[in-house]
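The values are calculated or read from the model by the stated rules, or taken from the named source; none is laboratory data. Fair warning: this is a prediction, and the values are worked out from it, not measured in the lab. Because the Cβ atoms are built from the backbone with ideal geometry, glycine has one as well, and the counts that use them run over all protein chains shown. Areas reflect the complete protein model, heavy atoms only, side chains present, ligands, DNA and RNA absent. Shrake-Rupley method; radii C 1.70, N 1.55, O 1.52, S 1.80 Å.
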Amino acid sequence: MQDQVKETPAEPVRLFRINTGSCNGCDVELAVTAAVDEFDVEQLGCRYTEEPHEADILLITGPLTVRARNEALRLYAEAPETKVTVAVGVCPVSGGVFRDSYAVDGPVQRYLPVDLNVPGCPPRPQALLAGIAQARDLWRARSKGVDAVFAAPPLAKPADEPAQQFPIRGRMSFDPKACVDCRMCRHVCAAGAIHFDIKGDKGDRHLRSQSPGSPEGVRLTLWHNSCVFCGLCSHYCPTGALSVTGDWHLAHRGGQTFRFSEQGEVPYTPCSGCGSPLIAVAPELLHAAFRRPTPEIEHIKTLCPACRQQLSIGAVRR
Amino acid sequence: MTSVIELGPHQLALEEPMYFRVKLEGDRVAGLDVQPGQVHRGMEHLVMRRNLYQNITLLERLCSLCSNSHPSTFCSAIEEVAGVAIPERAEYLRAVADEIKRIASHLFCCAVQANLIGQTALFRRAMEVREIMQRSKEAIYGNRMDLAANCIGGVRYDLTPDAAMYLARQMEAMKAPLDELYLQFQNNPAIMARTAGVGVLPRLEAIECAVVGPVARACGIDYDVRKKSPYGAYDRLEFSTSLQQAGDVRARNLVRLAEARQSVSLIEQCLAGLVPGPLCADLLPEIPAGEAVAKSEAPRGELVYYLRTDGTDFPLRLKWRVPSYMNWDALKVMLHGEPVANIPLIVNSIDPCIACTDR
Ligand code: SF4
Ligand code: SF4
């Protein structure tokens with residue numbers, strides 16, 4: 001990568017990259033922000049440096065492998081005292097698809113503070129620039145000693161952004177009204193981004209069988225900082241409860257990492273036969289299975305498995 | 001006088017962390033010790049702890065430069081085990097995705113090398129041309145690196161008539177710039193001076209190292225999986241293997257640029273042959289116990305997958321051999337007797353993928 005020193009009124013803010021064992025997706029996209037005019041970090045008054053001791057902003061990619069850790073921490077320590085750390089992609093803060101491996105020692109915030117997250121897998125250059133701009137403002141404030149009162153400005157969406165002919169894969173969205181609690185999404189999610197738990201009156205439990213009292217419903221939580229935006233959950237979701245949105249404006253402060261999620265509750269309704277709690281079949285599934293459900297099907301839909309057996313074969317079979 | 005130097009990613013101009021210990025005689029390379037492992041993420045362990053569906057997404061992130069080759073070859077292995085024939089439309093769409101990735105990958109490799117020999121304008125030009133591919137990927141698949149194109153039994157994206165027309169226009173826009181880049185790498189005296197006769201891998205040594213992909217074809221080895229054992233749609237597509245004889249840095253780049261140009265034609269043929277029909281054979285096919293080998297021509301060469309299943313959704317064994325693994329070894333031959341200043345260029349000329357090799 002070459003340096004692009006240009007006469008700008010203010011001293012350029014210097015960016016330094018640390019690859020902690022990434023798939024190279026984030027790194028190749030960062031290379032674009034040094035090589036392609038449209039996305040050049042120069043437009044933000046920044047430039048890349050190859051010297052860690054010159055770094056104002058550290059751009060960290062990858063899940064922090066065991067082998068890369070010492071070198072990454074050495075580079076971090078070599079950077080000046082006043083600096084801003086940016087986790088690029090979802091890998092550094094959650095491990096992304098690589099979580100739970102013996103060879104991965106992340107998340108990086110175990111070892112160093114993360115000031116900003118730029119989710120994506122990899123983030124598109126526009127998202128990288130938005131994140132780097134926030135990091136630059138944070139660094140400028142910090143170098144004046146006003147970190148404590150500094151709040152990152154909300155991301156301004158570029159007004160002239162052309163309407164995408166085909167939408168990009170951004171943040172996932174969940175519609176609990178269409179969910180039938182089949183949990184196929186969790187089954188196919190490589191990143192472990194989807195979590196189900198039971199919302200009950202005696203505290204939340206992970207497994208329905210352990211939940212005492214009468215549970216109120218099932219809750220799905222999808223953590224955007226683990227999700228790799230692959231869309232596989234929505235591909236296999238039979239009702240379309242999970243869908244891909246085009247929203248890529250996801251850069252946020254490190255402290256908000258764990259609040260950055262999508263949540264929805266699928267309430268239990270009482271069985272119309274015996275009153276035991278059940279997840280109602282969503283109309284989306286009913287229409288997918290039977291184009292025009294009959295009144296009989298509509299009735300069966302409100303029954304629990306035991307009452308359905310009663311209805312079809314006259315007795316509950318054990 | 002013998003000495004030993006250590007080179008890291010910054011000296012080697014690599015996007016990924018890799019360390020070399022180089023033995024020098026005077027200022028010439030006499031020996032090389034490659035020290036991998038920085039990008040080892042325990043992938044073979046991880047794929048055993050994820051089910052077959054999760055592995056589609058996980059393997060796409062083995063390496064993002066050849067990211068489509070991994071899930072498509074992996075899915076082929078599953079389909080082999082399940083005895084599923086994917087629909088013809090899906091075969092064409094898989095080929096489109098693979099060829100799009102090939103063009104972008106080859107251009108990135110050539111761009112980085114142009115930068116290394118001080119051809120800054122050419123570097124930026126190659127990256128600009130690559131942006132046409134990046135924009136196409138994002139427009140069609142929703143992401144510039146990871147396409148999410150594959151699923152078990154076929155593909156999970158479609159090309160509507162609009163999208164197909166858009167892609168055809170983008171391909172048209174690639175032709176002149178790719179021809180222009182080829183001519184630059186072929187004839188520009190300044191580039192020739194730095195790449196011709198540099199990092200030579202003689203044909204016999206190439207065979208001994210069992211190199212694959214553009215590295216092999218630049219030594220006159222006529223081996224391309226798409227031709228030798230056609231898979232998917234490739235038996236219906238017209239193309240010839242790109243070959244060069246010199247085995248040097250220049251030859252490797254000429255092979256890549258010729259292939260990129262050919263990929264444009266392959267995509268056009270796919271668009272022309274795109275028969276109507278389903279995208280996927282069966283959303284959730286039964287995957288019985290069994291084993292299979294699948295291979296494909298990834299941008300860096302032959303990629304081989306081995307899968308063994310036991311009837312559950314979890315693989316009993318999943319293993320793969322990436323092309324870069326074969327090509328690393330040949331660096332010892334290419335670098336021997338070369339001046340230190342040429343090391344980064346020659347290393348980048350094999351288009352090494354560290355994420356793939358370290359896994
Ligand atoms: S966030 Fe995604 S693209 Fe970036 S390094 Fe991790 S796996 Fe690769
Ligand atoms: S898109 Fe869905 S399946 Fe893919 S990582 Fe995100 S939550 Fe998981």
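Tabulated data
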read-out: Simple label model, 7 Å out from Cα along Cβ direction - residue A:195 to residue A:78, nm; value: 3.7 nm
read-out: Alpha-carbon centroid distance for the pair the range B:146-192 / the range B:41-106, whole angstrom; value: 19 Å
read-out: Linear extension gain, residue B:24 paired with residue B:321, 0.36 nm per residue minus alpha-carbon span; value: 103.8 nm
read-out: Viscosity 0.890 mPa s, temperature 25 °C, Stokes-Einstein D of the range B:41-350 from Kirkwood C-alpha radius, µm²/s; value: 123 µm²/s
read-out: Summed residue charge, Cβ within 9 Å of residue B:215's Cβ, Lys/Arg positive, Asp/Glu negative; value: +2
read-out: Built amide H within the under 5 Å cut-off of residue B:19, gap 5+; value: B:35
read-out: Candidate aspartates and glutamates - alpha carbon under 13 Å from residue A:177, same-chain residues fewer than 8 apart omitted; value: A:265, A:284
read-out: Most mobile of B:335, B:46, B:201 in a GNM of chain B (Cα contacts under 10 Å); value: B:46
read-out: FRET efficiency, 1/(1 + (r/R0)^6) with R0 30 Å, evaluated for residue A:258 and residue A:186 via beta carbons; value: 0.95
read-out: Low-density loop positions, trypsin sites (Lys or Arg not before Pro), the range A:216-299 - DSSP coil, at most 13 other Cβ in 10 Å; value: A:291
read-out: Calculated FRET efficiency for the pair residue A:311/residue A:177, C-beta based, R₀ 22 Å, to 0.05; value: 0.25
read-out: List of the range B:60-75 residues, accessible area with partners at least 50 Å² below that of the chain alone (1.4 Å probe); value: B:61
read-out: Dipole moment magnitude, nearest 20 debye, the range A:271-318 about Cα centre, only Lys, Arg, Asp, Glu C-beta charged; value: 180 debye
read-out: The range A:2-156, Rg to Rh (Cα coordinates; Rh as Kirkwood inverse mean 1/r); value: 0.95
read-out: Qualifying lysines (Cα of each under 18 Å from Cα of residue B:319; at least 8 residues distant if same chain); value: B:295
read-out: Sorted largest first, extent of the protein assembly as shown alpha carbons per principal axis (Å); value: 91, 65, 47
read-out: Length-normalised contact order of the range A:2-156 in % [C-alpha pairs under 8 Å, at least 6 apart]; value: 24 percent
read-out: Phi-based couplings in Hz for the range B:67-82 (Karplus 6.51, -1.76, 1.60; Gly and Pro marked x); value: 4, 7, 4, 5, x, 5, 6, 4, 4, 4, 5, 4, 5, 4, 4, 7
read-out: Whole-Hz ³J(HN,Hα) from phi, Karplus 6.51 cos²θ - 1.76 cosθ + 1.60, for the range A:287-294, glycine and proline x; value: 6, 5, 7, 10, 4, 10, x, 7
read-out: Virtual spin-label span in nm between residue B:336 and residue B:238, 7 Å along Cα→Cβ; value: 4.4 nm
read-out: For the protein assembly as shown, size of Cβ-based charge dipole, Lys and Arg +1, Asp and Glu -1, in debye; value: 1360 debye
read-out: Alpha-carbon radius of gyration plus Dmax, which is the widest Cα pair, for the range B:228-359 in Å; value: 19.1, 57
read-out: Gained length - residue A:100 relative to residue A:287, 0.36 nm times residue gap less alpha-carbon distance; value: 63.4 nm
read-out: By accessible area with a 1.4 Å probe, ligands and nucleic acids excluded, highest first: order of A:302, B:241, A:20; value: A:302, B:241, A:20
read-out: Principal axes of the range B:193-259: Cα extent on each, largest first, Å; value: 40, 25, 12
read-out: The range B:41-350: relative contact order as a whole-number percent, Cα under 8 Å and 6+ apart; value: 27 percent
read-out: Inter-label distance for residue B:176 and residue B:121, nm, one decimal - labels placed 7 Å from Cα along Cα-to-Cβ; value: 1.8 nm
read-out: Cα convex hull volume per residue for the range A:219-267 (Å³); value: 87 Å³
read-out: Where Rh is the Kirkwood radius over Cα pairs, Rg/Rh for the range A:271-318; value: 0.99
read-out: Gain on full stretching of the segment that runs from residue B:210 to residue B:228 - 0.36 nm per residue minus C-alpha separation; value: 4.9 nm
read-out: Sparse-neighbour loop sites [chymotrypsin sites (Phe, Trp or Tyr not before Pro); the range A:75-125; at most 11 other C-beta within 10 Å; DSSP]; value: A:102
read-out: Whole-percent carbon and sulfur share, accessible surface of the range B:157-234, 1.4 Å; value: 60 percent
read-out: Cα-centre dipole for the range B:41-350 with unit charges at Cβ (Lys and Arg positive, Asp and Glu negative), debye to 20; value: 780 debye
read-out: In Å, descending, principal axis extents of the Cα set of the range B:1-125; value: 62, 38, 19
